[in-house]
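Take a look at the structure set out below.
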Amino acid sequence: MGEPVFEDETLFNPTLANSLSTGSFVSMGNPHFVIFTDDVDQVGETGRILEHHPAFPQRCNIEFAHIEADGTIRTRVWERGSGITMACGTGACATAVAACLNERADRNSTIVMDGGTLHIEWRESDNHVFMTGPAEFVFDGEAYAP
């Protein structure tokens with residue numbers, strides 16, 4: 001996935017962010033705001049509102065994450081422009097980085113989303129984030145041409 005970015009004023013307005021609940025901004029090439037909570041199911045009611053918050057000039061993906069007793073991180077995702085999604089690779093990476101930054105996990109995390117589980121490593125040696133997990137066929141369609 002490359003290296004995470006924590007400050008990008010085109011994606012995140014730190015002055016306005018003070019009005020938000022505690023969360024961490026991480027860009028993995030697209031903007032993510034990760035909130036650690038006991039209630040990841042608030043994704044539907046809060047994700048829509050935060051996606052359009054003025055702190056995010058280009059809107060933002062919102063992750064709600066909970067550290068489980070076994071150390072895995074349960075995450076639900078609100079993707080900008082799409083709403084609740086089953087999974088998000090860049091969101092899993094952003095969540096793992098935020099968990100490490102907030103001393104909730106080490107540099108190797110297991111992220112459990114509605115659509116599956118990913119293993120994320122944020123390497124200290126080069127600051128790159130690596131994602132490992134299964135790939136599955138989820139849709140078949142035909143192009144429509146009027």
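The values are calculated or read from the model by the stated rules, or taken from the named source; none is laboratory data. Here the structure is a predicted model, which is why all the values come from computation and not from measurement. Don't worry about glycine lacking a Cβ; one is built from the backbone with ideal geometry, like all the others, and counts go over all protein chains shown. Quick note on the areas: whole protein, heavy atoms, side chains included, nothing else; ligands and nucleic acids left out. Shrake-Rupley method; radii C 1.70, N 1.55, O 1.52, S 1.80 Å.
Below, the figures for the structure above:
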read-out: Residues in segment 1-38 reached by a label modelled at Asp126 [backbone nitrogen below 16 Å; 7 Å Cα→Cβ]; value: 1-4
read-out: For segment 73-119, size of Cβ-based charge dipole, Lys and Arg +1, Asp and Glu -1, in debye; value: 40 debye
read-out: Probe 1.4 Å - accessible area at Phe25, Å² to nearest ten; value: 20 Å²
read-out: Radius of gyration, Dmax [the chain; alpha carbons; angstrom]; value: 15.2, 54
read-out: Cα centre as origin, Lys/Arg/Asp/Glu Cβ charges: segment 20-146 dipole, Debye; value: 380 debye
read-out: Extreme residue, positive dipole direction of the chain, given options Asn108, Val97, Tyr144 (C-beta unit charges); value: Tyr144
read-out: Residue order for Leu101, Leu11, Leu16 - accessible surface, 1.4 angstrom probe, largest first; value: Leu101, Leu16, Leu11
read-out: Probe 1.4 Å, all protein chains present, accessible-area order of Met131, Met86, largest first; value: Met86, Met131
read-out: Solvent exposure, largest accessible area first (probe 1.4 Å, DNA, RNA and ligands not counted), of Glu103, Glu121; value: Glu103, Glu121
read-out: Value of Rg to Rh for segment 71-142 (Rh from inverse mean 1/r over Cα pairs, i.e. Kirkwood); value: 1.01
read-out: Selected from Phe33, Ala65, Ile49, residue furthest toward positive end of dipole (the chain; charges at beta carbon); value: Ile49
